[in-house]
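All remarks here apply to the structure that follows.
The values are calculated or read from the model by the stated rules, or taken from the named source; none is laboratory data. Because the structure is predicted, anything quoted here is derived from the model rather than measured. Cβ: placed from backbone, ideal geometry, glycine included. Neighbour counts: every protein chain shown. Only protein heavy atoms, including side chains, enter the accessible area calculation; ligands, DNA and RNA are left aside. Shrake-Rupley method; radii C 1.70, N 1.55, O 1.52, S 1.80 Å.
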4 protein chains.
Amino acid sequence: MGVNNTSRCDLAIEAHEMLAAGSSGDFSIDGVSVVQEEVSQFIKVTRVAVDNDNGARQLGKPIGSYITIEMPNRFYGRQGIYEDVCKRCAEELKTLTENKLSDADDTVLVAGLGNRRITADALGPKVVGSLMITRHLKRYIPDEIDEGVRPVCAIAPGVLGTTGMETEEIIRSLTEEVKPKLVIVIDALCSGNMDRINTTIQITDTGITPGGGVGNKRKTINSDTLGVPVIAIGVPTVVDAATIAVAGLDAVSVNDTGDNAYEESYVRSVFEERFGNMIVAPKDVDSVITDIASVIANGINISLHEGITLSDIDRYV
Amino acid sequence: MGVNNTSRCDLAIEAHEMLAAGSSGDFSIDGVSVVQEEVSQFIKVTRVAVDNDNGARQLGKPIGSYITIEMPNRFYGRQGIYEDVCKRCAEELKTLTENKLSDADDTVLVAGLGNRRITADALGPKVVGSLMITRHLKRYIPDEIDEGVRPVCAIAPGVLGTTGMETEEIIRSLTEEVKPKLVIVIDALCSGNMDRINTTIQITDTGITPGGGVGNKRKTINSDTLGVPVIAIGVPTVVDAATIAVAGLDAVSVNDTGDNAYEESYVRSVFEERFGNMIVAPKDVDSVITDIASVIANGINISLHEGITLSDIDRYV
Amino acid sequence: MGVNNTSRCDLAIEAHEMLAAGSSGDFSIDGVSVVQEEVSQFIKVTRVAVDNDNGARQLGKPIGSYITIEMPNRFYGRQGIYEDVCKRCAEELKTLTENKLSDADDTVLVAGLGNRRITADALGPKVVGSLMITRHLKRYIPDEIDEGVRPVCAIAPGVLGTTGMETEEIIRSLTEEVKPKLVIVIDALCSGNMDRINTTIQITDTGITPGGGVGNKRKTINSDTLGVPVIAIGVPTVVDAATIAVAGLDAVSVNDTGDNAYEESYVRSVFEERFGNMIVAPKDVDSVITDIASVIANGINISLHEGITLSDIDRYV
Amino acid sequence: MGVNNTSRCDLAIEAHEMLAAGSSGDFSIDGVSVVQEEVSQFIKVTRVAVDNDNGARQLGKPIGSYITIEMPNRFYGRQGIYEDVCKRCAEELKTLTENKLSDADDTVLVAGLGNRRITADALGPKVVGSLMITRHLKRYIPDEIDEGVRPVCAIAPGVLGTTGMETEEIIRSLTEEVKPKLVIVIDALCSGNMDRINTTIQITDTGITPGGGVGNKRKTINSDTLGVPVIAIGVPTVVDAATIAVAGLDAVSVNDTGDNAYEESYVRSVFEERFGNMIVAPKDVDSVITDIASVIANGINISLHEGITLSDIDRYV
């Protein structure tokens, strides 16, 4: 699971909420703009833009765009909402990709990060498994595919512990080989807020840092390290055990006092030591992750290929 | 996941620990005996016997035997410890089965409870998948199997939500059909203590109550309801989110005061409502559950068949 | 995998084709009627009725109805055809169930036969995993479910080698316990014709005989053995290696001569001995079986519950 | 699934057998030597060396070494044979690797080819999942690992249809990045002989050509294309349907006549067209492939790390 920056909280929207919660009266940061849109009863989009160094420093996030789609945490029996989220995901992706892809023949490389053997971490590999893979078709049988279909290739490289290679090393060497105009990476995130689990998709043009490494030298995957534009799509799928413990403190209002920060960091350190490898996830995590992977894959498929709709996709997958 | 009785805490050893923690000085309950044995540096066995109604009432557990095997939570690279736990599991099972099986031809029915699609709940089905199944061999090709091999049959019936039938209904109707001399049920348990996750095997002759039902009418599986002796094997594989939150309170000593019980029940009720479907488990839950299932299956295989050793088992599985 | 009768060829439609192929001129059997319907360009239904003992003897099939739905072997990118097959499957099922179920509260027990660990044999368990399971809801929370929803329960019992119990023993004892008005069994079949693999659904009211047993005492599951009406749904998912070899002989017209029967039985015996455990299936058998299981589950769901349509189903599954 | 050269038959030993079968009297080819060793009742090793262009042309295989290990097709209940095959696999690998790796710190990159979603093709990805991955440990925590442990990294890149990238492109770009001294690739092969299915491991220093591509431009993975030595390990796991059909012809001695070649190619063309996507494999292909993957992974683990034995491996996996 990855983190978008060096802090514990992976989502820009969460970082902003925390700062706002700690302030009184109207809250604004120079260099950070936040726009919310209620797309429907079930879907909300928030666009956080970090425009200058002050904004980046205060929010603890690199300069760039952070789009958050909030959605229900289950789609069972709600095909309509599911399709709306797919389409919305495609539209938001397009706002970030369109200035990076000038031509229908520009290649895109998609990387699904995470460990496919750990359900809550398998989001990335699952997305890759539902993508329209077309680069080889464009190359070998161009006449048999629809116009508007763009060359897309993809890999689910595995994690450092299973490959022995930094994810960044793998993506970078494939980027040098394939020379895509855009790299999209997908990863499961860790959240500091249980309500965000499987309900929030963050799309950003600032890259991502895969987590879980041995040692501290986790290498960020972004346009600086790859040399081409990078869009990162992340979904919080787990919280760590310490986060739950802190939520317990909040529930009994223990930390309404000024000791808040002290208590929280103390609880975190205790839990990290004793229960560092425990994660919290819903019982039916397998089917929930499958559904969200499908939303993201459809969002990517629709946004990358001209004229492709939800009902066209299964001809290619 | 099941519970061995009506309280939140599934393990007799935990129930006893809690009572002892709440008392001062020497602690003993009339009708409850507790014997501990350090089998090795890595394995500890505790035998709790509930002998009379007073003991049952105080401990909140039916009259009977409760054997707890404590072991490491990982066996990676420790084949020796793994084999020791298998053998110890077989020996402890034998102390409970030997007076129930008088003849090498007495049939045993094993039921692996739980939902195979939820990793932490799949312990029972996984055990069934590694058992020596021999009833049909004894019946149709008796000459081709080793002497001492007992007729064993097994089922992983699924859970109420996937079958529409109470687990008790299924096991009872198969018991009437097959007429075993002993029924063994295996289920993943919920624990109130994170340290017990995947480190504790409880073996009891008092039966089990499968959990997770719709409505409140969960039917216990025991010698009363089935009409034949029942041995239940349970392993805590998850804790609920509320347990973690309470552990957080403990960590900051909030409930050192007399308010303890109040705080805990309040936190539990808040969490149940908001995060009722969240569970806490180790990241590598899949391989951990596979290993423990293998320990229990081997324990059952060795204990039920005369003269069968660890190295014989794979001829039959 | 099961067989519907004692001969090698599981499908009534195949048995009829073979007899017809061996005859000259107009072909008809007293006691057997065959009606074909081209439902669409992609779907064909054939209804074979065996009405008397002569028909049964000649066709080698018990008296009863045999409905065959022929469909494409892939649904990728053909959502419309997929939905048409689901609906057709529901309609044909209804013609066999409607006189057996008099009341919306009559319970149905569904049994998915086969070994879930062998992909081509996992059809039955997969169907069970996609059914609307409602018996417990009708019992415990009747007010929360739609009118017209019937009590349905289901089990995927496993095969003789993994349970030690005859499938018939398990289904019969559950039938005695649950007292359904109808039992539906689903099983993967073996076919003698490669073109039928994953393209043919047979629905019959004559029951089924699970295959693959040790010894010869495979017990048929039908209204005689269970005491309630039984509908069997079967799909050929594999052919054995010998069938391919015989197809090879056909391809080179070796058995255009009168030696046909001799050659075929000889080839079969040679292959059975050397390659008895080899099966032939499509490379992408996993996704094909998943799709067909979905068709059959939807067919059952729609046919059993009044007023339920394809889009309602996922609220219950 | 891959092929080691351009002909239908992937194994050098098979190519040699066919030529020998077609000749009379003593058979030998200039430039090809064949040495057989009966290692035990259950294990046979054949070493084919192609030494010059004449040998390569006649055998249809590049110049190099081809080691074939023949073993039983099941290890159930035969732990001893299983361990013997693991060790033998390690020893034979060592004969090919030892002159390529001069130093204990020379890095090895292992690539598991094939599609993990198709059981019979998942051999490569399964091997990778059981390897000791150590490159990152050597880099970040060198003090915590045993002496003699070599830096090993690995990837299961997927197939052209799921990545849009030639396997050769992926392996080559990772080779340029990681700069290993040796690349080992593992792939499932197609065989022309049913008796070889899951009984034969071929180890060669001549590389491999992944199969199943769109178009004809399958790129070979060997020391020429990668720029470092390549060892390929292949196991025939399936035969195509046409091979079975031809075996049927053989069984009835149809092609004892001179028409042999004609009949065979005709049967093949008919089958390719009608049943091109059908494969033949054992029913229990899943567990068989798992076992063989484990043999190969252990063989690689033992051969690459100094002083590592079977019982050490699980500390690292």
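Using alpha-carbon pairs under 8 Å, 6+ residues apart, how would you state the relative contact order of chain A in percent?
Dividing the mean separation by the residue count of chain A yields 22 percent.
Looking at the range D:117-159, which residues lose a minimum of 40 Å² of accessible area between their chain alone and all protein chains in place, measuring with a 1.4 Å probe and not counting ligands or nucleic acids?
Correct list: D:R117, D:I118, D:I133, D:R135, D:H136, D:Y140, D:I155.
Test of understanding: what is the full-extension gain from D:E83 to D:E144, defined as 0.36 nm times their sequence separation minus their Cα-Cα distance?
On the way: separation 61, 0.36 × 61 = 21.96 nm, distance 2.78 nm.
Result for the pair: 19.2 nm of gain on full extension.
Please list, ordered by chain and number, the residues whose modelled amide H lies under 5 Å from the amide H of A:V185; skip anything fewer than 5 residues away on the same chain.
Correct list: A:A111, A:I231, A:A232, A:I233.
Using a Förster distance of 22 Å, how high is the FRET efficiency between A:S28 and A:D195, based on the Cβ-Cβ distance and rounded to 0.05? Before the final figure, lay out the partial values.
Numbers: r = 24 Å, r/R0 = 1.10.
About 0.35, to the nearest 0.05.
Would you mind working out the accessible area per residue for the range B:12-313, using a 1.4 Å probe, and quoting it in Å²?
On a per-residue basis, 38 Å².
Compute the distance in nm between two label points, each set 7 Å from the Cα along the Cα-to-Cβ direction, one at A:K179 and one at D:N54.
So the label points at A:K179 and D:N54 sit 4.6 nm apart.
How compact is the protein assembly as shown by the rule of thumb for globular proteins, expressed as Cα Rg over 2.2 N^0.38 Å?
Cα-based Rg divided by the globular estimate yields 0.95.
I'd like the accessible area for B:M18: 1.4 Å probe, protein heavy atoms, all chains in place, Å² to the nearest 10.
120 Å²
Of all the Cα-Cα pairs you can form in chain A, what percent are over 27 Å apart?
Beyond 27 Å sits 43 percent of the P(r) for chain A.
With no solvent and one point per C-alpha, what does the Debye sum give as log10 I(q)/I(0) for the range C:54-213 at q = 0.12 Å⁻¹?
After summing over all Cα pairs, the log10 values are -0.62.
Do the alpha carbons of any pairs in A:K44/A:K94; C:K94/C:K219; B:K100/B:K179 sit beyond 19 Å of each other, and which pairs? Please report the intermediate quantities before stating the final value.
Values: A:K44/A:K94 17 Å; C:K94/C:K219 27 Å; B:K100/B:K179 14 Å.
Flagged as over cut-off: C:K94/C:K219.
At a 1.4 Å probe radius, carbon and sulfur cover how many percent of the accessible area of the range B:12-313? Don't skip to the end; give the middle numbers.
Numbers: 5190 of 11550 Å².
Answer for the range B:12-313 is 45 percent, counting heavy atoms of protein chains only.
May I ask for the net charge around D:A232, where only other residues with Cβ less than 11 Å from the Cβ of D:A232 are counted and Lys, Arg are +1 while Asp, Glu are -1?
Summing Lys and Arg as +1 and Asp and Glu as -1 gives -3.
Using C-alpha positions alone, give me the convex hull volume of the range D:1-119 per residue in cubic angstrom.
Working: hull volume 19.8 nm³, N = 119.
Taking only Cα atoms, the range D:1-119 has a hull volume of 167 Å³ per residue.
Chains A and B: how much accessible area gets covered up at their contact, both sides added, probe 1.4 Å, in Å² to the nearest hundred?
Interface between A and B: roughly 2600 Å².
For chains B and C related by rotation, which residue of B has the Cβ nearest the axis, and what is the rounded distance in Å?
B:S173, 2
Which FRET efficiency value, to the nearest 0.05, is calculated for C:T309 and B:N277 with the Förster distance at 41 angstrom and r the Cβ-Cβ distance?
Computed FRET efficiency for C:T309 and B:N277 comes out at 0.90.
Determine the equivalent ellipsoid of the range A:49-133 by diagonalising the alpha-carbon gyration tensor, then write out the semi-axes as square roots of 5 times the eigenvalues, largest first, rounded to whole Å.
Over the Cα atoms of the range A:49-133, the ellipsoid semi-axes are 26, 19, 17 Å.
Residues of the range D:176-204 losing 50 Å² or more of accessible area relative to the isolated chain, 1.4 Å probe, heavy atoms only?
D:E177, D:M194
So what's the back-of-envelope 222 nm ellipticity for chain B, counting only DSSP H runs of four-plus at -39500 (n - 2.57) apiece and dividing by all residues, rounded to 500?
-11000 deg cm²/dmol, from helical runs alone.
Place the label 7 angstrom along Cα→C-beta at D:E83 and in each other copy, then list the distances from the first to the rest in nm, shortest first.
Reported distances to equivalent positions: 0.8, 6.1, 6.1 nm.
Give the separation of the Cα centroids, the range D:25-65 to the range A:34-96, in Å.
63 Å
Let me understand the range D:171-214 better: what is its radius of gyration from the alpha carbons, and its Dmax, in angstrom?
Every Cα atom of the range D:171-214 included, Rg and Dmax give 13.8, 41 Å.
Can you list residues whose amide H is under 5 Å from B:I279's amide H, if they're 5+ apart or on another chain and H is modeled 1.01 Å from N?
A:A281, A:K283
So how tilted is helix D:241-251 from the main axis of chain D? Cα-based, degrees 0 to 90, rounded to 10.
Here the helix axis deviates by roughly 50 degrees.
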